[in-house]
Amino acid sequence: MSPGELIIELFLMPLVAFVVGLGMVLMYRRIGARIQRRVGPPFFQPIYDIIKLYGKHTQISHGLIHEIGIIMAVGGYVAAETLLPVPGMSGLADKGGVVTLAYVMMIPSLGLALGVGQCANPNGSIGISRALTAMLAYDIPFILVIFGAAYVYGTTNLADIIAIQQQQGPGGWGIVQMPLLALAALLSLQGIMGKQPFEIYIAPAEIATGPMVEMSGKFMGGLFVMQCFQLYTVGVLYTTLFLGGGEYWLTFLPKIFSVVAIPMMIAFVFPRYRTEDVIRLLWKWPVLIALTGLAVVLR
Amino acid sequence: MSNELENIPIRQELEVLQSGQKRTNPLANVFDGLVKFCRSRSMFMLHYCTGCGAIELPPAMTSRFDMERLGIQPMVTPRQADILLITGYVSIKTLKRIILTYEQMGSPKYVIGICSCTVNGGMYWQSYATAKVLRDYLPVDVYIAGCMPRPEAVISGLRELMEDISSGRAESWKKYYQHYDYYLGNQQKLFGEDWQTPTDIIAEARHYDLMTEHTLGEHTALLEKHQKPLEALEMRLSVKDKQKV
Ligand code: SF4
């Protein structure tokens with residue numbers, strides 16, 4: 001690939017991710033509305049919210065680290081998008097691989113922790129400590145899943161993983177080859193996306209949205225943008241590992257949207273668990289399932 | 001109340017004072033129009049309910065009337081919110097919290113007074129403990145009268161606010177800066193002359209270029225006289241029974 005093409009792809013991939021992510025946020029809110037027998041927000045609501053937040057007159061900054069924290073939160077995901085191959089664009093996927101991706105996906109939480117720390121709001125500190133604890137909980141099954149998948153495909157290169165699955169057709173997809181790992185991954189997705197029952201760190205009624213408590217205007221807008229990227233990243237990663245990636249956007253988009261839709265449907269019918277219960281649950285069931293899955297694929 | 005406070009006259013009429021400068025670049029006007037439209041279609045309202053009118057909000061938010069259709073959703077902190085709903089009578093103690101909350105919200109911010117009690121005191125007119133006319137303490141954008149107004153009325157009031165925002169009429173948040181002396185005066189009458197909030201409204205008025213001759217006055221002078229510098233709360237853990245720890 002020539003450097004010019006690479007630069008265009010590095011620019012286009014996050015942009016596409018943002019637009020698709022906006023659609024996912026809309027889907028998330030519509031699913032919630034339908035489950036609660038409401039109509040739900042209009043089609044362009046996610047973009048209205050973001051423009052409104054960036055257009056506020058008051059932008060309360062709590063200092064440099066607060067701003068850097070938000071940049072890290074969004075930037076971490078922007079970096080992750082360039083490592084995720086999508087139909088027609090592979091960006092840095094050849095050089096990165098799934099292990100790098102797993103690291104890069106932790107940056108947003110750490111950035112948020114930095115930023116929230118400077119806000120010095122006790123609710124924020126409680127929230128972010130819960131968020132980092134939850135990260136510890138869902139990352140263990142997630143890493144086990146990545147290890148298993150890498151073992152089965154014999155590579156950590158995401159572009160190769162897609163190529164292997166596509167050569168063999170749907171019978172060769174990860175979800176058929178290693179169903180237990182796919183299930184464990186789905187459970188830890190719920191944690192990665194921070195949706196109920198694992199959203200104790202946001203808990204609007206108890207700790208006033210935790211990490212977001214002091215965020216206003218463009219900082220909140222940055223977090224809304226981050227949410228778009230987050231949903232997209234999670235959907236694409238799962239599709240790449242287990243659903244054969246995508247040859248064309250026409251088949252790829254339904255796959256990523258349905259991957260994201262499953263945890264959302266679960267989310268709206270659940271209350272939330274306490275932090276220790278989150279850890280206990282995620283370290284028990286997904287880890288057990290993932291270990292069994294590993295035993296099956298390693299045999 | 002001291003004589004000093006009683007002697008200060010209070011002005012009555014209040015209007016948003018326009019600075020009179022319009023942007024000349026047509027693209028900038030298009031952009032402003034877009035931002036205004038988005039502002040009107042995305043309103044985050046603060047979860048802060050006073051009085052009995054709050055009970056009409058759950059039906060307005062949930063499946064029967066569904067405010068999210070209009071882009072209105074609840075938010076939990078003043079930093080994130082755009083509209084402050086005052087849903088009923090305001091006791092003097094509550095009013096202090098409302099003012100603290102209002103001052104922490106990011107502008108542009110809008111206040112909606114729901115219920116007759118916020119208009120003129122309603123059936124609490126003779127109560128010693130309620131603040132009667134909300135407009136004296138905060139600039140109010142829309143009043144929704146009724147004891148209590150039904151969800152239809154609440155939603156039609158919100159739609160009116162949406163229209164005001166997109167047509168640029170809902171600018172009463174500027175009044176708070178432009179006429180700060182008036183609002184502060186009324187607050188001082190109620191809470192005493194040493195009333196102060198952590199937010200420095202005068203500095204903010206300077207920042208937004210909203211200083212007028214009515215921003216500063218005798219009441220703000222009184223505020224300066226009594227103002228104590230803000231100090232961080234001391235954090236201390238005390239372990240009473242050391243044996244048990
Ligand atoms: S107007 Fe009626 S319903 Fe509303 S706060 Fe007053 S007494 Fe309650």
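The values are calculated or read from the model by the stated rules, or taken from the named source; none is laboratory data. Just so it is clear, the structure is predicted and the values come from calculations on it, not from any experiment. Every residue, glycine as well, gets a Cβ built from its backbone with ideal geometry; the counts of neighbours run over all protein chains shown. Just the protein is used for accessible areas: all its heavy atoms, side chains included, with ligands, DNA and RNA removed. Shrake-Rupley method; radii C 1.70, N 1.55, O 1.52, S 1.80 Å.
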Practice problem: Name the residues whose placed amide hydrogens come within less than 5 Å of the amide hydrogen of B:Ile144, ignoring near sequence neighbours (fewer than 5 apart) on the same chain. | Solution: B:Gly113, B:Ile114, B:Cys115
Quiz item: Rounded to two decimals, what is Rg over Rh for segment B:24-170 when you use alpha-carbon atoms and the Kirkwood radius?
Solution: 0.99
Exercise. Could you pull the Rg and Dmax for the protein assembly as shown, using just the Cα atoms, both in Å?
Key: 26.7, 91
Practice problem: Determine the shape class of chain B: with a ≥ b ≥ c the square roots of the Cα gyration tensor eigenvalues, call it rounded for a/c under 1.5, and otherwise prolate if a/b is greater than b/c, oblate otherwise. | Solution: rounded
Practice problem: Read phi for every residue in segment A:64-76 and hand back ³J(HN,Hα) as whole Hz from Karplus 6.51 cos²θ - 1.76 cosθ + 1.60, θ = phi - 60°, with x for Gly and Pro. | Solution: 4, 5, 4, 5, 4, x, 5, 4, 5, 5, 6, x, x
Self-check item: Separation of alpha-carbon centers, segment B:79-94 and segment A:1-61, rounded to whole Å
Solution: 31
Exercise. For segment A:91-97, take each phi angle, set θ = phi - 60°, evaluate the Karplus expression 6.51 cos²θ - 1.76 cosθ + 1.60, and give the result in whole Hz per residue in order, putting x for glycine and proline.
Key: x, 9, 4, 4, 8, x, x
Practice problem: Sort A:Lys255, A:Lys95 from largest to smallest accessible area, using a 1.4 Å probe on the heavy atoms of the protein chains. | Solution: A:Lys95, A:Lys255
Practice problem: Calculate, for A:Ala163 and B:Leu230, the FRET efficiency according to 1/(1 + (r/R0)^6) with r their C-beta to C-beta distance and R0 60 Å; round to the nearest 0.05. | Solution: 0.45
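Once you list every other residue whose beta carbon is under 10 Å from the beta carbon of B:Gly113, what net charge do they have if Lys and Arg are +1 and Asp and Glu are -1?
Working: positive: B:Arg135; negative: B:Asp141.
The answer is 0.
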Quiz item: How many percent of Cα pairs in chain A exceed 28 Å?
Solution: 37
Self-check item: Antiparallel %, DSSP beta bridges [both residues in the protein assembly as shown], to 5
Solution: 20
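Sort A:178-188, A:209-219 by packing, meaning the average of other beta carbons within 10 Å per residue, with the highest value first. Before the final figure, lay out the partial values.
Values: A:178-188: 22.8, A:209-219: 24.6.
Sorting A:178-188, A:209-219 by mean packing, highest first, produces A:209-219, A:178-188.
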Practice problem: Once every Cα of segment A:69-120 carries one equal point scatterer and solvent is ignored, give the base-10 log of I(q)/I(0) from the Debye formula at q = 0.13, 0.19, 0.26, 0.32 Å⁻¹, two decimals. | Solution: -0.35, -0.61, -0.88, -1.10
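Using the Cα gyration tensor of segment A:196-299, with a ≥ b ≥ c the square roots of its eigenvalues, what is the shape: rounded (a/c below 1.5), prolate (a/b larger than b/c) or oblate (neither)? All intermediate terms of the calculation are to be shown ahead of the outcome.
On the way: a/c = 2.48, a/b = 1.22, b/c = 2.02.
Oblate, because a/c is 1.5 or more while a/b does not exceed b/c.
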Quiz item: Short version: ³J(HN,Hα) in whole Hz for each residue of segment A:185-200, in order, from phi by Karplus 6.51 cos²θ - 1.76 cosθ + 1.60 (θ = phi - 60°), x for Gly and Pro, what are they?
Solution: 5, 4, 5, 6, 4, 4, x, 4, 6, x, 9, 4, x, 10, 10, 4
Quiz item: With the contact rule set at Cα under 8 Å and sequence spacing of 6 or more, what percent relative contact order holds for chain B?
Solution: 19
Practice problem: Find the centroid of the Cα atoms in segment A:242-277 and in segment B:117-187, then give the distance between the two in whole Å. | Solution: 44
Self-check item: Rg and Dmax of segment B:100-245, Cα atoms only, in Å
Solution: 19.6, 67
Exercise. Would you mind checking which residues have amide H under 5 Å from B:Ala131's amide H? H placed 1.01 Å from N; only 5 or more apart, or other chain.
Key: B:Val90, B:Ser91, B:Ile92
Exercise. Sticking to Cα atoms, compute the Rg of segment B:174-229 to one decimal and its Dmax as the biggest Cα-Cα distance, whole number, in Å.
Key: 10.5, 29
